[in-house]
Each structure stands twice: as structure tokens, then as C-alpha cells.
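In what follows, a single structure is set out as C-alpha cells and then discussed.
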2 protein chains.
Amino acid sequence: MEFISPIDAAFLLGESREHPMHVGSLQLFEAPEDAGPDFAQRTHEMLLEHRDFDPTFRKRPAKLWGTPQLAWSQEDEVDIDYHVRRSALPSPGGIAQLLELASDLHSVLLDRHRPLWEIHLIEGLGDGRFALYSKMHHALIDGVAAQRLVQRTLTSDASSHEALVPWQLPRRQKRTESPGGSTLSGVARNLRSAAAAAPAALRVARAALLQQQLTLPFAAPRTMFNVPIGGARRCAMRSWPLERIRQVKKATGSTVNDVVLTMSAGALRGYLLERNALPDKPLIAMVPVSLRGEDDNGDQSGVKVGAILCNLGTDVADPLERLRVVSESMCRSKEIYRSLSSTQTMALSALMLSPLALTLLPGIVSLTNPPFNIVISNVPGPRETMYWNGARLDATYPMSIPFDGQAVNITLTTNAENLDFGLVGCRRSVPRLERLLDHLEQSLTALEEAAL
Amino acid sequence: MEFISPIDAAFLLGESREHPMHVGSLQLFEAPEDAGPDFAQRTHEMLLEHRDFDPTFRKRPAKLWGTPQLAWSQEDEVDIDYHVRRSALPSPGGIAQLLELASDLHSVLLDRHRPLWEIHLIEGLGDGRFALYSKMHHALIDGVAAQRLVQRTLTSDASSHEALVPWQLPRRQKRTESPGGSTLSGVARNLRSAAAAAPAALRVARAALLQQQLTLPFAAPRTMFNVPIGGARRCAMRSWPLERIRQVKKATGSTVNDVVLTMSAGALRGYLLERNALPDKPLIAMVPVSLRGEDDNGDQSGVKVGAILCNLGTDVADPLERLRVVSESMCRSKEIYRSLSSTQTMALSALMLSPLALTLLPGIVSLTNPPFNIVISNVPGPRETMYWNGARLDATYPMSIPFDGQAVNITLTTNAENLDFGLVGCRRSVPRLERLLDHLEQSLTALEEAAL
């Protein structure tokens, strides 16, 4: 029996039929050339042979004193057929069918009588590719760590037919290899305990947000995204060449993240305009960012994650002017973090390892007066082409958690030379979510035309 | 706004992640000869064109005074893409893959923010067939009525390409055409109100059960089926030629239902023996039966449904001796109903329109002292070969509801010259449910060998 940290417990307590609290990931693979027609079936059988489960993949909420959310128990007999499943797409097996299936899978709650994870091997894509949809409860792992865990199953060796599985990673790899790594690693656990033990962290977080709000031209407006949500989800995904974003960055002297945020801002503006729902005031995004410099590869105590409030300039039609607004806003907000003491930064970072944690705290997110309109996360991913089971990874789409008052989420990640965008929205409140993809493309094109 | 009857509300209140309260049906079709490769897609598009929803298919629980279970509201904009979906089977697209998908679909709760039904058109069967999985909340419709509703979409005309949909049945068909029909029909609603208004009905039901228990040789033993359950389901389905059962019936002078119960009893005995879990005392089944004679086609006030407790004779190795035990037990239990006044019968029948309703009443079902071990229902079905959209109906497998203390359910129905068995069990408490199918076959063979 292991006690659940208060932050993790919040994800269990905060979960309901309307508010599933799991993070997901959809990976798209090019099957290897020697893959026969039974490739998916053989791959599934191979997956089922891995039955040496990491403790995280055996955890389920224990019933303790009648309250199920206080402790974890370890499941002795993991029913692997339940956790690792096969699915197929109806014809013609296009991306539309894949997204529908992913939306359905992402809408379903994890079974609390079992360890809180599922992996679905998806076949039936018309072009012969296959996909893996993974989902884990946020009480086990946060979105960044989940992506990292999935990455650890990959190899950059194209000739390797190695197929690691997230629940049984080889122990030779040091668990604590990377800062901000994973709830699996001791560091994250320690950081969380620190945050949990210190209500000070919450005060810091709150103060940092409030100070940032003061630097914004307006408070976040209420939008169609800031409403109570239902339980069904829709997701939308697309990849963009990183080079396109890099070109805009170079031409404008900004950062990749600024360009990505501006591209997202333009898409939100386009989507809202189309629905006659664009507020006069600019939308405010909450952007979880690393506060370390790029060369700062320090030890775990150097984890620095902040919640940046960013003015998205959705009231501005001109793309370059919008980019300028976004960059300035990001700079000003980061300044506030620089003024924090290292203890404060660490406590805050512990909290921000789960950006969602913040949103669960009473008073921080409200429907009547949202401090921000949308969470936009850029999660680190591999810089080179990766392989799994001899299959080339074409894309990794993160699937995060919408919640009350935040009906849509944008999370993106790098995959070799692409940026993979994963959008997840409440099926009821955010109609035609896929239109946001078209607007993302239009928004990037507009930036290119203006900058290049 | 429409108030929910107390019995229907019980199915909403009694529902939880561990106890989904929907009934399902899996229909298996032979595609028509002229079906092209896009048959499933075209069929789905055709389904989506039916947007004139019967009020039952617009109902969702309304929030009234903060309590969501007291009233129905009507959904104005039904998101048909959500309710009518396409799914596909992974290779090789056999019955095993179909059952896995059906199990997964049957494990997921219906979304209470929407009308409480879903239909999945399933393609990818290796033999070119296709399937329809339908699910409706028990608060809308009971299992018998759900089967009947699905039947009303079918035609016996092989040349017809008519494809009716349950949510938009033509009004020319009289809703009140058949007794015991449906919660859709006024009669069922009235009967339910009667039952709800009369606690006497519960007293009658209880007394009838207690009296039956007195006629049994022992109280129901505790078995591995009479335990708390989890939320995941496994289902198993197979068809048997009705003629085989008829032959045994003729040779032994019993009834089809007695033979079916004995066949099920033998299967349960075999399954429990295999797991070293057969109790010394015989298992007791609860069997919802019509108490009318076959020629009794009276008006609605003639609906007579009873909950028969049947000694399954699972302690008896000899199949014919077991059949004798079952037949005698059925006769004795039916006797008790004959002694009821017509008012009592009607009140009881109103309650029994939802056999599950009984099990929701406190004190009737208990884990420590189950009055019965399993519900076995034989639901009426079509006597001739039926068609839908030009496709021949090969099988209709009912999928009912396991609940705490009743971890497995057997429901069967007639389909032309077959008996279609649908078994649904808790995935955790009832391991290798599919073994029950083999035991059903062995049990029928043993009856044939002994009787013929």
C-alpha cells in the first residue's frame, strides 16, 4: 500500500463521467517493408508476451477506510488482454476514421478496478500504416512524462527490430536520466511531495499568475471555450514541417515557441471569426514552459517549469503584429519568474510538472472569470527519426485533457523534422474541431507570406 | 419535461462505473449479393439520413432541482454522428474479434448528456458479413422491449431493401400492437405507474418469491457468480438449431424452455466443475416467464409475467434426471402464480416487465444470501428468416446486464430456426466465459444422447 500524493489524488477526485483525467498519445507508424498481412496480429501477440510490469503499471486505487482515493494498491494479476488491445478502422481507413476512433477511445474512462492504463494497436489504415493509441491516468503520470515514456520505447536505429513497451522498459536505462522526466522517477515524486507538503507552492503559483495578469492589457475574455463540458471528446491532429516554423523564426528574430503560439493564435482567431464568436479582447493562453536555458543541463534540482500567461493577440489581424504581441507578452511573463527565489521556483515547478494541477485548485480556474482561455503546451520530442519494431514513427500526437472552463486543448510535440499538433476538445462545446487544423495551416501561411 | 417513473429512475440511480445499466443486442447479417466494397459506408450514410427521432430517442436525464434523475428532457439537436457509429474488426475478423469488440462496447457507460442510446455498424468480418451492436439504457426500455424494437426494423421479405431504424419507425404501425411490448407503448407505461404507485406489487413479488423458495429443496448456494462485480464485461455468443432442442423436447415430453434451462444448467455444472467451484447444493435460476397460455392473445390487461425460481439440478450428473428436476421445479413455481388474484398478477407483471427491477429492490437480492444464482431469460424472437436492408439476419444475440451478486447473465432468443444465446459476464469474476459455450454444446449433446 502506498499513499497517493494530494496532487495525484486531485486527479482521481476531480474525475467524473464528464471529466476523464487521462492523457493520451496517438503514434502513427510506417510498417516495415517485410511486414506481412498478419503484422498487426503478430505485433499484438509480441506485446502480450511482456508481462513483467513496472510498478506504475500495476497501480490501482485501493479502497482504504471506504475512500478509494487515498492509496494505491499493486495489482498482482494484470489482465494484459484488457490493457493491450487491437482495434481496426472502418473503410476507407483514412485519417478521418483514425481520428474518430481516437476520439472514442479518449472519451472513455479508465477502469478503476485495474491499473490505470490502456494501449490500443490500430490497424486498417488504407495506406498500410498502423497506429498506437496509449492512455494513462494523470494520477499516474503527467502529459510530458507520458510522452517521454513513450519515447523511451523507440530507437533511432532503423535496422533494429527492437520493440520496447512502456510497461516493461529495460532497467539498464537510468530512470532518473532526465530532469522533469517522469513521475516514474524519484525526482518527480520528490518534487510533488514538496509541492504537496507546501501550501506555499500554491501561494507562489497564485501570486505568479496574478502578477502576470497585471502585465496583460486585459483580463481573459469569456469565450465559447470557457464553458462547462460534457464527457465526449473530439480530437484533431496534423503535422507541420518544423522547417517552415524555423524560417519564420529566423526572418522575424523570434523563437520557435513564439511562432507556434502565433500560429495557434491565428487559428483560434480564424475559427472564432468563422463562428461569429471572436471577442474584442485578446485571448489569453496558459503556456507551461521550461525556464531553463537551452544549455542548462543541470541535475534534477534544476527543473524549472513555469505557467506563462500569454496574450495571444487574437484581436490583431496582422500576423507579424500578432507575433510581436505574443513575443512581448512571453518575455514580460517570464520576467516575473526570474524574480522568484530558487526555493519558490522549485516549489512552483513541482506543481507545474502537472500543468493541469493548477487548474484543479479552487479559485484559480473559474467559469465566470477565466485567468486564461486555453492551455497550449509544447512538449519536447525526439529530434531524429525514430523506429519501433522496425516501423518508422511518422507522427506522435499528444492528447491532453479538456476540463470545465477549458473546452479545448492544444498540445504539440517535435518528431524529427515535424511539429505534431494534437487538439482535443469537448464534443459538445467545440463543434467542427477539425476546422482548427485548416486555420492552423492558413495562419502559418499568412505568417510566411508576411515574413519571408 | 417528463417525470421519470420510480422504477426507471432506479436504473439511473443504480448505475455506476461498475454497474452500467444498459441492454444491448448484437445482430449478425449476411450482406446482400449486390453489396459492393463500400456497402458498410453506404449503409452508415443511409442511417445518418434518418433524423426524425422518436421521443424515446431524444430523452436524456434532466437536471431538476440539482438532482439529475427525476425527470427527462428532450434533446433538440441529436448529434446523430455520435449515436450511430462505424466500427471495424481487426484481422482475421472472426467471431473472436467480434465478441471482443462487443464486450468493449458493452462495457462503456452511455453518456448522460445525450439521449441514452448508441448503434454501431460493424464491418471487417472475414466472411463478408456485418453486424449491428445496439445499446439502450434500461431506464428507457427493458430487454424484451429492446429486442422487440429491433425486430420491428426487420422484414420477412427477402426482396425488400427496406432498412428501418429503431429511432424512426413508421407511425402506421400501432405502438400498442403487442402486450408486454415496450416502455414505448402506453400500456407498459401505465403498468409501470401502477407498480410504482402500489407498494403492494413489491409485497406480492416478495411473497411470491418466498413461497417459491419454500418449494425448493435448498436455498440458493453461494457461488463464484454471486459476488460484487467490476465494470468491464466479456460476452460470448453462439446459435443452436431449434430443431435439436425440439427433438429432445418431443422425446422427453417436456417444453422447449425446460430443455433450454437444462442445457444451461448442464453448462453451468460443467463450467463450475472445471473450476472446482461446483457447490453441493443445486443452483437456482430466476427465469422471467410469460404466464399466459400460447393461445391467449388477450388485450394488454392480459400481460402476465412472473419471476420463476427454478432448481437447475446442477448437483445431478444425469442429464435426463436433471431435466426432470428442472421441469418439476418450473411447474411447482408456476402453481404459486396461479393462486394470485388477477390484480396481484397484474401488479406483479408490471414489475416484472423489467425483471431487473426486482433485483434492485433492497432485500430481494443480497450477496450473503442470494435468492437465486443467475437470471436466465428466453426472449421471444421472429419465427421466420428476417431481412434488413436486403441483408439476411443470421443471428440476434441479446446482451443483458450483470450486476452485484449476479456476475453472469444468460439471455437467449429465437431467430427463425435457431436459438441464439447471448452470455454477458463480469470480466473479472467470470474468467473464460467463452468456455460456457463449449459446455452448452456438450450439455445439449448429452441430453440428445440420453433422450434420443
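The values are calculated or read from the model by the stated rules, or taken from the named source; none is laboratory data. All values reported here derive from a predicted model rather than from experimental measurement. For neighbour counting, all protein chains shown are included, and Cβ atoms are generated from backbone atoms with ideal geometry for every residue, glycine included. The protein model used for the area step is the full one, side chains on, heavy atoms only, and it has no ligands, DNA or RNA in it. Shrake-Rupley method; radii C 1.70, N 1.55, O 1.52, S 1.80 Å.
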Exercise. Looking only at other chains, what is the average number of their beta-carbon atoms within 10 angstrom of each beta-carbon in B:81-91?
Worked result: 6
Problem set entry | Positive minus negative residues near A:Gln211 (Lys, Arg vs Asp, Glu; Cβ under 14 Å) | +4
For this session: Provide the packing ranking of A:431-442, B:32-43, A:306-317, i.e. peptides ordered by the mean count of other C-beta atoms within 10 Å per residue, highest first.
Result: A:306-317, A:431-442, B:32-43
Exercise. Do you know the relative contact order of region A:2-151, to the nearest whole percent, from alpha carbon pairs under 8 angstrom that are 6+ apart?
Worked result: 35
Exercise. Can you list, shortest first and in nm, the gaps between the label point of A:Arg383 and those of its counterparts in the other copies, using a point 7 Å from Cα in the C-beta direction?
Worked result: 7.8
Seminar exercise, completed: Taking the axis of the rotation relating chain A to chain B, the A residue whose Cβ comes closest, together with that distance in whole Å, is A:Ala88, 2
Exercise. Roughly how crowded by other chains is peptide A:101-111, in terms of the mean Cβ count from those chains within 10 Å of each of its Cβ atoms?
Worked result: 3
For this session: State, in square angstrom and to the nearest 100, the accessible area buried between chains B and A, both chains counted, probe radius 1.4 Å.
Result: 2600
Exercise. A:Thr255 versus B:Phe3, label points 7 Å from Cα toward the beta carbon: distance in nm?
Worked result: 6.2
For this session: Kindly rank A:272-278, A:3-9 from highest to lowest mean number of other beta carbons found within 10 Å of each residue.
Result: A:3-9, A:272-278
For this session: Give, rounded to the nearest 20 debye, the magnitude of the charge dipole that region A:2-151 has about its Cα centre when Lys and Arg contribute +1 at Cβ and Asp and Glu contribute -1 at Cβ.
Result: 480
For this session: Report Rg(Cα)/(2.2 N^0.38 Å) for region A:392-436, keeping two decimals.
Result: 1.28
Exercise. Between A:Arg203 and A:Arg42, what is the spin-label point distance in nm, taking each point 7 Å from the Cα along the Cα→C-beta axis?
Worked result: 6.2
Problem set entry | Probe 1.4 Å, accessible area per residue of region B:390-445, Å² | 23
For this session: Would you mind giving the three semi-axes, in whole Å and largest first, of the ellipsoid equivalent to region B:2-151 according to its Cα gyration tensor?
Result: 31, 17, 12
For this session: May I ask for the net charge around B:Met399, where only other residues with Cβ less than 13 Å from the Cβ of B:Met399 are counted and Lys, Arg are +1 while Asp, Glu are -1?
Result: 0
Exercise. Roughly speaking, what is the centre-to-centre gap between region A:267-291 and region B:379-452 when only Cα atoms are used, to the nearest Å?
Worked result: 54
Seminar exercise, completed: Taking the chain alone as reference and the full protein assembly as comparison, with a 1.4 Å probe on protein heavy atoms only, the residues of region B:411-445 that lose at least 10 Å² of accessible area are B:Arg427, B:Arg428
For this session: Go through region A:211-232 and flag every residue whose accessible area shrinks by 10 Å² or more with all protein chains in place compared to the isolated chain (probe 1.4 Å).
Result: A:Gly230, A:Gly231, A:Ala232
Exercise. Under a point spin-label approximation (7 Å from Cα along Cα-to-Cβ), what is the A:Arg435-A:Glu162 distance to one decimal in nm?
Worked result: 4.6
Exercise. Percent of accessible area on region A:22-133 owned by carbon and sulfur, 1.4 Å probe?
Worked result: 50
For this session: Determine the alpha carbon to alpha carbon distance for each of A:Lys250/A:Lys281; B:Lys281/B:Lys334; A:Lys135/A:Lys250; A:Lys281/A:Lys334 and list only those over 26 Å.
Result: A:Lys250/A:Lys281; A:Lys135/A:Lys250
For this session: Kindly give the distances from A:Pro37 to its copy-mates, label point to label point, with each label point 7 Å from Cα along Cα→Cβ, as nm values to one decimal ordered shortest first.
Result: 1.3
Exercise. Copy-to-copy spacing for B:Ala158, label 7 Å out on the Cα-to-C-beta vector, in nm, shortest first?
Worked result: 5.7
Exercise. Calculated FRET efficiency, A:Glu384 and B:Leu13, Cβ-Cβ r, R0 60 Å, to nearest 0.05?
Worked result: 0.65
